[in-house]
Amino acid sequence: MGEPVDLYVFRHGPAEERDPTRWRDDAQRPLTEEGVRETRRAAKGFVRIVGGVDRIVSSPALRALATAKILSESLEVPRKVEVYEPIEPGAPASSVIEKARDDGRGIASMLFVGHEPTLGEAVALGLTGEAVTLVRLSRAGAAALEFSGAVVPGGATLGWLLTRKQLMALAK
């Protein structure tokens, strides 16, 4: 059956507006200064709930990678951030569940940092077995899926779903 796994998803923090004249490659679009501050506070709230994680997996996009590093630095025991190309912007939700299934054996918790709609659909895939729009994560919002055994579509229960403002409130 497999060991229980907690799978967390955290959407990148508030980023600069899309502007092809400034960032020809949208993956290079950074967090705003305020986005960095708010993401730090949301990360503190996240850590207050979960304590720690065994692995952090991030989209290669700059805004997600910066968010993942903020999360890592917020942990009592910082974790190396693993960049995973298949969860870049526009990736299918299955890429999150497959990575957790394939690499999650023997790991109690994994944190994925990425984008909408991928992460919201990954939550739905974990809960229902279908990658549909069931939830939408706010920027620097997060959700917790609890798999009692193997990480498989439809095998999770929802632990919680919180917005950036809710996570920031928990940081106080």
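Every number here is computed from the coordinates shown, using simple stated rules; none is lab data. The shown structure was predicted, so the numbers you read here are calculated from the model rather than taken from an experiment. Counting neighbours? That spans all protein chains shown, and the Cβs are built from the backbone with ideal geometry, glycine included.
Results, tabulated for the structure shown:
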| quantity | calculated |
| --- | --- |
| Under the Karplus curve 6.51 cos²θ - 1.76 cosθ + 1.60, θ = phi - 60°, whole-Hz ³J(HN,Hα) for the stretch 69-86, x wherever Gly or Pro sits | 5, 4, 4, 4, 5, 7, 6, 4, 10, x, 10, 5, 8, 8, 7, 10, 3, x |
| Sequence-separation-based contact order of the stretch 5-170, relative, with Cα cut under 8 Å and 6+ spacing, percent | 31 |
| In sequence order, calculated HN-Hα J values of the stretch 89-101 (Karplus, 6.51, -1.76, 1.60; Hz; x Gly/Pro) | x, x, 5, x, 4, 4, 4, 6, 5, 5, 5, 5, 5 |
| Partners for residue 44 among aspartates and glutamates (Cα-Cα distance below 13 Å; same-chain residues under 8 apart left out) | 73, 76 |
| Label-point separation in nm, residue 165 to residue 134, each point 7 Å along Cα→Cβ | 2.5 |
| Helical mean residue ellipticity (222 nm; -39500 (n - 2.57) per DSSP H run of 4+; nearest 500) of the chain | -10500 deg cm²/dmol |
| For the stretch 116-124, 3J(HN,Hα) per residue [Karplus equation, 6.51 cos²θ - 1.76 cosθ + 1.60, θ = phi - 60°, Hz, x = Gly/Pro] | 8, x, 3, 5, x, 5, 5, 4, 4 |
| Qualifying aspartates and glutamates (Cα of each under 18 Å from Cα of residue 99; at least 8 residues distant if same chain) | 3, 6, 54, 82, 85, 88, 116, 121, 130, 146 |
| Among (i) 20.5; (ii) 8.8; (iii) 10.5, the entry derived from the coordinates for mean projected area of the Cα convex hull in nm² | (ii) |
| Virtual spin-label span in nm between residue 82 and residue 98, 7 Å along Cα→Cβ | 1.5 |
